1. Return a yes/no flag: does segment 217-237 have any residue that is open to solvent by less than 60 Å² (accessible area, probe 1.4 Å) and within 20 Å of Ala164 (Cβ to Cβ).
2. Any residue in segment 162-179 that's among the small types (Gly, Ala, Ser): show its pairings with residues that are open to solvent by less than 50 Å² (accessible area, probe 1.4 Å) at Cβ separation under 7 Å, as long as the two are six or more apart or on different chains.
3. Going by what's in this entry, would Thr155 be described as more than 30 Å from Ser234 (Cα to Cα), out of contact with any helix residue (DSSP H, G or I) (no Cβ under 8 Å at 6 or more places or on another chain) and of a type in the set (Ser, Thr, Tyr)?
4. Test Ala87 against the stated conditions and say whether it is open to solvent by 40 Å² or more (accessible area, probe 1.4 Å), of a type outside the set (Asp, Glu) and assigned to a loop (DSSP other than H, G, I, E, B).
5. Would you point out the residue of segment 44-74, among those that are open to solvent by 70 Å² or more (accessible area, probe 1.4 Å) and not in a loop (DSSP other than H, G, I, E, B), that is nearest to Asp9 (Cα to Cα)?
6. Counting just the residues of segment 66-96 that are under 18 Å from Ala18 (Cα atoms) and among the aliphatic types (A, V, I, L, M), which one comes out nearest to the chain's Cα centre (by Cα)?
7. Quickly run through segment 165-191 and pick out the residues that are among the hydrophobic types (A, V, I, L, M, F, W, C) and open to solvent by 10 Å² or more (accessible area, probe 1.4 Å).
8. Right, Leu134: of a type in the set (A, V, I, L, M, F, W, C), within 30 Å of Phe194 (Cα to Cα) and not in a loop (DSSP other than H, G, I, E, B) or not?
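The values are calculated or read from the model by the stated rules, or taken from the named source; none is laboratory data. Every value quoted in this text rests on a predicted model; they were computed, and no experiment measured them. Please note: Cβ atoms are built from the backbone with ideal geometry, for glycine as well, and neighbour counts cover all protein chains shown. All accessible areas refer to the heavy atoms of the entire protein, side chains included, with ligands and DNA or RNA removed. Shrake-Rupley method; radii C 1.70, N 1.55, O 1.52, S 1.80 Å.
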Amino acid sequence: MHFGLTGEDLVREQIADAEERIIFIDRLGFGHANVVVAVPQAWIDVRSMADLDDVATAFRIKHERKMRVATKYINLTRNFFSAHGIADYRIVESAGATEAAPAAGTAELIVDITTTGATLAANALKVIDDGVILRSQANLVAARAANWSTAQRDTARLILDRIAAQQRAAAHHEVRTRFAGLNEALLAAAKEKFGVAAPFGGPTSSGMLTLHCPPDQVHGLANFLRQHGAEAVSVGPLDYVYSRDNALFSKLAAELDRPADGDCAGALF
């Protein structure tokens, strides 16, 4: 397998040396969720991981056992707790509704994934202030250990060209106009005010101009152009915008050519 679409949380949890085996090519802007440490709302004095460390020590002394943390993110939890110097806990692996574990008495706190926090709140839980382990979203990833021959790199370039072209198109609308007063100074002002690009250069001798504009700026740009003499301004969506440079493929190529720190397994996950 060469490419994959997956949540970063799954990669970080399942692959200990993720950066050495996986290339994170691009964050895709959907599937947002955070892996968090959540404790009962009744723990009013627990606001930070340092507070949790104190509570964990006191809990062990009082109950002669370690606090239980319910989670399916075992590796992420261990690494995060270790980074904060917390040792007085044990993991209870959860395969079901993790957020219900404290109320059910099977754990004292949880590590789980959340988007809005509504489910945690409904179960009388709160996220610790510095308890966000990972801000995850869907990622386009590649396997370092796959067979990246010249032919396969050429195919990867075609795939990434299309993805990059769609991303550029989604970020802009095409704005077209023509009028006699159109000049480079006016174009510079439009670029500064509305973040536009002129992909085919400045105005032609006939005053014709094509601009690429962020969607939330098109109405302001159209008004600006009309105020400076445009009789008509057309606006439309873009399907693809290809460019000579492809940052996605450049990143893939750079990572593949980077000297490896060790042998990588062939599987993506």
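1. No: segment 217-237 contains no residue that is open to solvent by less than 60 Å² (accessible area, probe 1.4 Å) and within 20 Å of Ala164 (Cβ to Cβ).
2. So the pair list comes out as Ala164/Asn246; Ala164/Leu248; Ala165/Val241; Ala169/Leu238; Ala169/Val241; Ala171/Pro214.
3. Taking the combined requirement at face value, the residue satisfies it.
4. Here the answer is yes, as Ala87 does meet what is asked.
5. The qualifying residue nearest to Asp9 (Cα to Cα) is Asp54.
6. Among those residues, the one meeting the criterion is Leu76.
7. Ala170, Ala171, Phe179, Ala180, Leu182, Ala185, Leu186, Ala188, Ala189
8. It is false that Leu134 is of a type in the set (A, V, I, L, M, F, W, C), within 30 Å of Phe194 (Cα to Cα) and not in a loop (DSSP other than H, G, I, E, B).
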